[in-house]
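Scroll down for the structure; my scribbles are underneath it.
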Amino acid sequence: MTTSPVSPQAVATHSSAPLKIGEQHPQLFAVIRDKLRERILSGEFTPGDRLVEGRLSEEMGVSRIPVREALRALAAEGLVTIEPRRGASVSVLSDAVAYDMVEVRATLEGLNAKLAAQRRDAKTVERLQAFLREGTEAARSEQLDKFLALNSQFHEMLATIGGNMVLTDLMRSLRDRTALLFAPSNMHRAKANWDEHSQILNAVIAGNGDLAALLASQHVHNAAKAYTEAQQQHAANG
């Protein structure tokens, strides 16, 4: 008994068949996770806000399963707290934990900036100078959206230049958690953030690792101070 060869057309048809739901699921979960993280870090969801699976799945037009997995992933990052019978909510950081995280992040950001200053090369300096010019122009023309985008790119850029992957992973996790503190004041501090970032960039471009480290650590403490002042003002108005 002979079998007829499979035509190229048949192979193409088979390989282009749409993915099954189960095969798409991991991608869907990642999209939901990233979208929820963005909404938390932007301040749309504030500390203590409940994240109801049913409501979120309805908003996003998906089932509860990928939403549940996304919330678990965000809980592992420290952005979400999941409690029995209460469900998920945006994490609330105690003053003590917030202070501890700021201390650690300030130290790591300082090391990151120092490594970037020590390891930069001519091509990197060109990139940093172009980035600096772009930010300066955004500041001059008061482009708030551009400010915020450049400010968020700044830390990842330095981490790439520093080239320490362990440090990058540690800082990325810690940065997301401390963003719970800083997100509400970042809009108000956009110009101040850029001014401080530009000083750090200039130190990195100059190859001054000690100054870059000092400025980067101080930058974190300045953001923490702005958060504390905003909390005090909120309490006074309340």
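Convert 20 °C to kelvin, take the viscosity as 1.002 mPa s, use the Kirkwood radius over C-alpha pairs of the range 138-227 as Rh, and evaluate the Stokes-Einstein diffusion coefficient in µm²/s, rounded to a whole number. Calculated translational D: 157 µm²/s.
Seen through its C-alpha gyration tensor, with square-root eigenvalues sorted a ≥ b ≥ c, the range 72-113 comes out oblate because a/c lies at 1.5 or above while a/b is not bigger than b/c.
The alpha-carbon positions of the range 86-196 define a convex hull whose volume is 118 Å³ per residue.
How would you classify the range 130-189 from its alpha-carbon gyration tensor, with a ≥ b ≥ c the square roots of the eigenvalues: rounded for a/c under 1.5, else prolate if a/b is greater than b/c, otherwise oblate? Can you show the working numbers first?
Working: a/c = 4.42, a/b = 1.36, b/c = 3.26.
Because a/c hits 1.5 or more and a/b fails to exceed b/c, the range 130-189 counts as oblate.
Shown for the range 128-236: the carbon plus sulfur share of the solvent-accessible area, taken with all protein chains present and a 1.4 angstrom probe, equals 54%. The distance between label points at Gln218 and Arg72 comes to 4.6 nm (points 7 Å beyond Cα on the Cα→Cβ vector). Positive contributions from Lys and Arg (+1) and negative ones from Asp and Glu (-1), summed over other residues with Cβ under 14 Å from the Cβ of Ala138, come out at -1.
The values are calculated or read from the model by the stated rules, or taken from the named source; none is laboratory data. The shown structure was predicted, so the numbers you read here are calculated from the model rather than taken from an experiment. All Cβ positions, even for glycine, are placed from backbone atoms using ideal geometry, and neighbour counts span all protein chains on display. Surface accessibility is based on the protein's heavy atoms, side chains included, excluding ligands, DNA and RNA. Shrake-Rupley method; radii C 1.70, N 1.55, O 1.52, S 1.80 Å.
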